[in-house]
Amino acid sequence: MLRISEYSAMAESAIRALSLPSDKFEGLYAPISYSMQAGGKRLRPTLLLMTADAFGNDPEKAINPAVGIEMFHNFTLLHDDVMDKSGLRRGRPTVHAKWDENTAILSGDTMLTLATKKISEVDDSILRSVLDTFNDQALRVYEGQRLDMDFEHMDTVDLDQYIEMIKAKTGALLGAAAKIGALIGGASEKDAEKMYEFGVMLGVAFQIEDDYLDTFGNADVFGKPIGGDINNNKKTFLMVKALANGGPNAEALKAALKLPAGPTKIKTVTRIYETMGMPAISKAEVAAYSSKALTAIKKTSLPDDRRESFRKLIDKLISRSK
């Protein structure tokens with residue numbers, strides 16, 4: 001197998017080579033190019049290519065579905081940014097901030113169709129399975145987003161509810177990437193399902209780490225302002241777990257969350273999290289879900305040397321700074 005960076009480079013090269021109309025419909029396609037070429041971890045296409053290779057197929061034969069899965073991911077980001085009124089993504093103005101909301105919605109819709117076309121570029125023998133996997137998990141992503149939106153209007157969210165939300169919103173697409181890669185690689189149904197499980201567990205670990213970085217990361221590295229989740233009272237792992245722990249610190253947190261958005265609120269909430277030991281608790285939870293992902297890989301028929309690549313991917317993600 002290749003190094004993780006080589007799969008990422010393959011995906012990046014294919015994304016950069018995307019050819020979209022730039023004349024008559026520039027107002028439709030330019031925001032798509034802007035979004036797709038903004039960089040990012042390229043985690044989903046990397047995972048798809050890795051998995052196809054691990055199960056014995058040339059990753060080049062999986063490149064179009066890999067681009068498709070990344071395009072779908074970016075489509076969700078365009079719409080998320082509109083819903084969240086976010087002005088910055090990966091250190092640059094979001095599409096709706098650079099153009100307008102209507103453009104972000106329409107270009108996002110176009111990305112969904114383009115993504116589906118790319119994902120369909122597989123052998124006819126697996127086309128139905130690939131599309132079923134993609135469509136089923138796309139619905140899970142939407143369900144996760146709906147839960148996330150519902151949480152905004154709920155006074156309390158328990159940890160089980162939160163984990164269910166991120167399994168859908170974040171885990172489902174990583175699960176789809178791993179399963180589609182396995183199908184392209186010729187994996188058995190059992191192995192494909194275990195790869196799906198790997199992707200979902202990886203997604204949970206990834207999101208909890210993202211929650212941690214939003215509070216304790218470095219803004220210059222993270223790509224967006226630190227403390228945005230705190231200012232927006234967003235239900236994150238840190239908030240949900242801290243409130244569930246109860247006691248005087250949880251009551252202090254409830255009071256701090258009522259402060260006006262701004263540096264004082266961020267600083268106050270962050271100090272309470274530190275007092276409650278939330279950094280260590282978050283890291284322990286990331287490690288626990290990483291272990292569940294590894295357990296799923298161990299239940300596949302992949303030889304040890306190929307499993308090792310996925311262990312390295314986990315290590316890369318949980319030790320990241322952005």
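The values are calculated or read from the model by the stated rules, or taken from the named source; none is laboratory data. Not measured: the values here are computed from a predicted model. Here the Cβ positions follow ideal geometry from the backbone for every residue, glycine too, while neighbour counts run over all protein chains shown.
Of everything listed in (1) more than 23 Å from A176 (Cβ to Cβ); (2) crowded, with 20+ Cβ neighbours inside 10 Å, the single unmet condition for A30 is (2). In segment 177-280, counting only helices (runs of 4 or more DSSP H) that sit wholly within it, the ones holding 3 or more residues that are among the aromatic types (F, W, Y) and farther than 20 Å from T300 by Cα span 189-216.
For segment 12-25, the count of residues that are modelled with pLDDT of 95 or more, of a type outside the set (D, E) and more than 19 Å from the chain's Cα centre (by Cα) is nonzero. Of all the numbered requirements in (1) out of contact with any helix residue (DSSP H, G or I) (no Cβ under 7 Å at 6 or more places or on another chain); (2) at pLDDT below 95; (3) in a helix (DSSP H, G or I); (4) not polar (S, T, N, Q), D155 misses one, and that requirement is (3). Being crowded, with 22+ Cβ neighbours inside 10 Å and within 20 Å of E26 (Cα to Cα) holds for only one residue in A66, A62, A104, and it is A104.
Entry remark, segment 94-139: residues being within 21 Å of R42 (Cβ to Cβ) and of a type outside the set (V, I, T) number 13 in total.
Remark: R140 matches the filter, which requires a residue to be under 24 Å from A177 (Cβ atoms), in contact with a helix residue (DSSP H, G or I) (Cβ under 6 Å, 6 or more places away or on another chain) and of a type in the set (K, R). Would you check if A38 is at negative phi, of a type outside the set (S, T, Y) and surrounded by fewer than 16 Cβ atoms within 10 Å (Cβ to Cβ)? Spelling it out, it is not the case that A38 is at negative phi, of a type outside the set (S, T, Y) and surrounded by fewer than 16 Cβ atoms within 10 Å (Cβ to Cβ).
Residue-wise test of (1) of a type in the set (A, V, I, L, M, F, W, C); (2) closer than 20 Å to A52 by Cβ; (3) out of contact with any Lys or Arg (no Cβ under 9 Å at 6 or more places or on another chain).
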site	(1), (2), (3)
R90	no, no, no
V95	yes, no, no
K98	no, no, no
I105	yes, no, yes
M111	yes, no, yes
T133	no, yes, no
M149	yes, no, yes
E164	no, no, yes
A176	yes, yes, no
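In the set R146, R128, R90, only one residue is surrounded by fewer than 20 Cβ atoms within 10 Å (Cβ to Cβ), of a type outside the set (A, V, I, L, M) and within 14 Å of the chain's Cα centre (by Cα); that residue is R90. Residues satisfying the criterion are present in segment 89-103 (criterion: of a type in the set (D, E, K, R), in contact with a Gly (Cβ under 8 Å, 6 or more places away or on another chain) and on the phi > 0 side of the Ramachandran plot).
Condition check ((1) free of Cβ contacts under 8 Å to residues at least 24 places away in the same chain; (2) in contact with an Asp or Glu (Cβ under 6 Å, 6 or more places away or on another chain); (3) charged (D, E, K, R)) across all residues:
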site: E274; (1), (2), (3): yes, no, yes
site: M278; (1), (2), (3): no, no, no
site: E285; (1), (2), (3): no, no, yes
site: S291; (1), (2), (3): yes, no, no
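A250 falls short on exactly one of the conditions (1) within 20 Å of D160 (Cβ to Cβ); (2) of a type in the set (A, V, I, L, M); (3) loosely packed, with under 13 Cβ neighbours inside 10 Å, and that condition is (3). Restricted to segment 107-123, and to residues that are charged (D, E, K, R) and in contact with a helix residue (DSSP H, G or I) (Cβ under 7 Å, 6 or more places away or on another chain), which residue is surrounded by the fewest Cβ atoms within 10 Å (Cβ to Cβ)? Looking at the filtered set, the residue picked out is E121.
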